[in-house]
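See below for the structure under consideration.
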Amino acid sequence: MSALLGPDDIVQLAPSGHYIALRIGFAFPMGEVNELPSDWVEHYTKQRFMLFDPTVRWAYGNSGSRRWSEFELDDPKRVILQARSFGLRYGVTVAVTDAAAGGQRSFASFTRADREYTDLEVKLLHAYITRRHNETAPPTNLTRAELEALGMVKDGKRLKEIAHALSVSEGAIKQRLKNAKLKLGAKTGSQAAALANQFGLI
């Protein structure tokens, strides 16, 4: 297994399933992968375990990686114990945050039924989530003018209104939005505005 894991490696390392939340904003992640067993997801949702889950509580308060067997947090709803009966006997949770204060956070849990995760596997999974977190980082090269235009698109203003409000031509606004779309990897102005908003840029 190479040091640079891919999705196929993750399936091998987490045969019982995995969950990844990338760049959690105010409430929702920008990207999410839920490959946990559907019966566990249904049970977890029905029981409203999210608020009590020690793996999630740990991931929101820490950075690094931790095997489930090493958790010292209270588990009043016995989430980890119940997970075992769904084949999620052994697990590791990884949490990564931006260096800047108030930065975004990504976290993931990987599970298997047969054995504990080795130190090397834990390191590889941590490196994988760190890479995914960094790959989805917001661009830092958007200009103030581009962000200003995106903010007005987010507010539902049309090109003509934006140009009038900023005392520039519609062509100038089109160029700003084109640049912003390119930097954000967006197809439309609305999508670029939504992404900039998710990143907390506007």
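The values are calculated or read from the model by the stated rules, or taken from the named source; none is laboratory data. It should be emphasised that the depicted structure is a prediction, and the values quoted were computed from it without experimental measurement. We place every Cβ from the backbone using ideal geometry, glycine too, and count neighbours over all the protein chains shown. Just the protein is used for accessible areas: all its heavy atoms, side chains included, with ligands, DNA and RNA removed. Shrake-Rupley method; radii C 1.70, N 1.55, O 1.52, S 1.80 Å.
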For Thr143, net neighbour charge (Lys/Arg +1, Asp/Glu -1) across residues whose Cβ lies under 13 Å away: +2
Computed magnitude of the charge dipole of the chain (debye, nearest 20; Cβ of K, R +1, Cβ of D, E -1): 740
Surface accessible to a 1.4 Å probe, per residue, for the residues of the chain, Å²: 57
Helix-only mean residue ellipticity at 222 nm for the chain, each DSSP H run of n ≥ 4 adding -39500 (n - 2.57), per residue, nearest 500: -13500 deg cm²/dmol
Kirkwood estimate for the stretch 1-112, i.e. one over the average of 1/r between Cα atoms, Å: 14.6
HN-Hα J in Hz across the stretch 54-66 - Karplus 6.51, -1.76, 1.60, θ = phi - 60°, x for Gly and Pro: x, 5, 5, 4, 5, 4, 7, x, 9, 10, x, 9, 8
Cα centroid separation - the stretch 7-38 against the stretch 134-190, whole Å: 31
Rh by Kirkwood over Cα pairs, then Stokes-Einstein D for the stretch 70-160 at 1.002 mPa s and 20 °C, µm²/s: 127
Rh (Kirkwood; distinct C-alpha pairs) - the stretch 158-202, Å: 10.8
Surface share of carbon and sulfur [accessible, 1.4 angstrom probe, percent] for the chain: 52
Qualifying chymotrypsin sites (Phe, Trp or Tyr not before Pro) for the stretch 73-177 [loop in DSSP, other Cβ within 10 Å: at most 15]: none
Neighbour net charge for Leu81 - beta-carbon separation under 14 angstrom, K R +1, D E -1: +1
In the stretch 26-68, trypsin sites (Lys or Arg not before Pro) in a DSSP loop with at most 16 other beta-carbon atoms within 10 Å: Arg48
Mean shadow area of the chain, taken as a quarter of the surface of its Cα convex hull (nm²): 13.1
